[in-house]
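The values are calculated or read from the model by the stated rules, or taken from the named source; none is laboratory data. Nothing here was measured: the structure is a model prediction, and the numbers come from that model. Cβ placement follows ideal geometry from the backbone for every residue including glycine, while neighbour counts extend to all protein chains displayed. Note: accessible area is taken over every heavy atom of the protein model, side chains too, but ligands, DNA and RNA are not part of it. Shrake-Rupley method; radii C 1.70, N 1.55, O 1.52, S 1.80 Å.
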Amino acid sequence: MRSNSAAVLELKNISKSYGDIKALADIDYTFSLGIYGILGPNGAGKSTLMKIISQSIKQTSGEVLYNGKTCDRSFLNCLGVMPQGQELYPKFSVNEFMFYMATLKNMKTKKAKIAIPKLLKVVGLADYRHRKIESLSGGMKQRLLIAQALLNDPKIILFDEPTAGLDPNQRVEIRNFLAALAIDHIVIITTHVVSDVETIADDILLMNKGKIITSGNPADLSDAIYGKVKEITVDDKELACLKNHPYTIIASKQDTKIIRIISEDSYPDEKIVYPSLEDVYSYYIKE
Ligand code: ADP
Ligand code: MG
């Protein structure tokens, strides 16, 4: 799974409209080796962007370049995709599904026979290879979708909401697994859940309404809003006046509360705290 060549994936001015809906507007970004987290609420345009990179839909304007060249069909050989939603074949066994996907990827049978048991082992499904897909848990199905995305040693791997529908333990499991992939791949993970990517992504792209609102490594994003996240103590009446700012209640004592608030205003006795990625998200994305 390791090779030494570099890889650069460039998105140049990508826009996509579905009729009157502008799903993406002028997306410009360059991915190199590493893990990227595309974070944004539902409808932000994440899946649309993944589908454009994987050529399953066409952009309205703009281009995708891989190592400086326009992506053609051969680019798909460098790509592994885990689409959003578990569109699996319920009656297939785990093995049958993997061989079926290998065929779609033009893998030689000999190569597939070596790769499939290895990949199933990596995602912890080796013992389930003869089980029908319909009998797998949600977490197992997600892991199977990850395994098929890794067939044929792709250089670029797209995971669209890989932890959707999973419980917290399964989320951690998938997250750790994705983190181990990085090094010489371009791994792009979309999610609306901050904790899915905050500890594993080298760079975060915050998306909303078809645009990249900001991007950078998690520490730089936090630094950029430093001073705007604070803890203050308020009574219920004061709290009611703060409704315009995102806040969370940290502790309640009789009629006073300690809250963590994101605000440019100053408050008496405020304590500035270091912004988390969750704070960064709330600061830029007001739903
Ligand atoms: P996300 O994955 O971030 O939730 P999507 O890329 O799925 O966002 O959707 C972005 C926007 O484009 C939304 O407003 C969505 O309703 C719209 N959209 C997505 N797919 C289609 C489609 N096939 N036809 C019409 N509108 C679509
Ligand atoms: Mg989506």
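Scanning residues 5 or more positions from Gln84 or on other chains, those with amide H under 5 Å from its amide H are Asp160, with H placed 1.01 Å from N in the peptide plane. Largest first, the residues Ile212, Ile189 sort by 1.4 Å accessible area into Ile212, Ile189. Using alpha carbons only, how many degrees (0 to 90, rounded to 10) separate the axis of helix 168-179 from the longest principal axis of the chain? Helix 168-179 sits roughly 60 degrees off the main axis of the chain. Per the Debye formula on identical point scatterers at the alpha carbon atoms of the chain, with no solvent, log10 I(q)/I(0) at q = 0.16 Å⁻¹ is -1.24. Assuming R0 = 22 Å, what is the FRET efficiency of Lys209 and Thr248, from their Cβ-Cβ distance, to the nearest 0.05? E between Lys209 and Thr248, to the nearest 0.05, is 0.35.
For the pair Tyr18 and Gln84, a Förster radius of 25 Å applied to the C-beta separation gives a FRET efficiency near 0.95, rounded to the nearest 0.05. Compared with the alpha-carbon gap, the fully stretched path from Arg73 to Tyr29 is longer by 13.7 nm at 0.36 nm per residue. Beta-bridge orientation, the chain: approximately 65 percent antiparallel, per DSSP, counting only bridges with both partners inside.
Taking all Cα pairs closer than 8 Å and separated by 6 or more residues, the relative contact order of the chain comes to 21 percent. Report summary: the helix-based calculation at 222 nm, which adds -39500 (n - 2.57) for every DSSP H run with n ≥ 4 and divides by the residues of the chain, gives -8000 deg cm²/dmol.
Counting only alpha carbon atoms, the long axis of helix 94-104 and the longest principal axis of the chain meet at about 80°.
More than 20 angstrom separation, counting every C-alpha pair in the stretch 223-284; what % is that? Tail of the P(r) past 20 Å holds 20 percent of the pairs. Residue-wise HN-Hα couplings along the stretch 267-277, as the Karplus relation 6.51 cos²θ - 1.76 cosθ + 1.60 with θ = phi - 60° gives them from phi, are 10, x, 6, 6, 10, 6, 10, 6, x, 8, 5 Hz; Gly and Pro carry x. The gain in end-to-end length when the Glu238 to Ala6 segment is fully stretched comes to 78.1 nm, 0.36 nm per residue minus the alpha carbon separation.
Once C-alpha pairs closer than 8 Å and six or more residues apart are averaged by separation and normalised to the residue number of the stretch 195-287, the relative contact order reads 30 percent. Computed over protein heavy atoms with a 1.4 Å probe, the accessible surface of the chain works out to 51 Å² per residue.
The H on the amide N of Leu33, modeled in the peptide plane, is under 5 Å from the matching H of Ala7, each at least 5 residues off or on a different chain.
Ordering of 134-147, 42-55, 164-177 by packing is 42-55, 134-147, 164-177, highest average first (other Cβ atoms within 10 Å, averaged per residue). Modelled spin-label separation between Ile57 and Tyr274, with each label point placed 7 Å from Cα along the Cα-to-Cβ direction: 4.0 nm. In a reduced charge model with +1 at each Lys and Arg Cβ and -1 at each Asp and Glu Cβ, the stretch 196-287 shows a dipole moment near 300 debye about its Cα centre. Positive end of the dipole of the stretch 223-284 (Cβ unit charges, origin at the Cα centre): among Thr248, Ser266, Val280, the Cα lying farthest that way belongs to Thr248. Computed from point charges on the beta carbon alone (+1 for Lys and Arg, -1 for Asp and Glu), the dipole magnitude for the chain about its Cα centre is near 1760 Debye. Positive-end ranking of Ala179, Ile225, Met82 along the dipole of the chain, with charges on Cβ about the Cα centre, is headed by Met82. Using only side-chain charges placed at the Cβ, +1 for Lys and Arg and -1 for Asp and Glu, the dipole size of the stretch 78-225 relative to its Cα centre rounds to 980 debye. I need the shape label for the stretch 130-178. Rule: rounded when a/c is under 1.5, else prolate if a/b > b/c, else oblate, with a, b, c from the alpha carbon gyration tensor. The shape class here is oblate.
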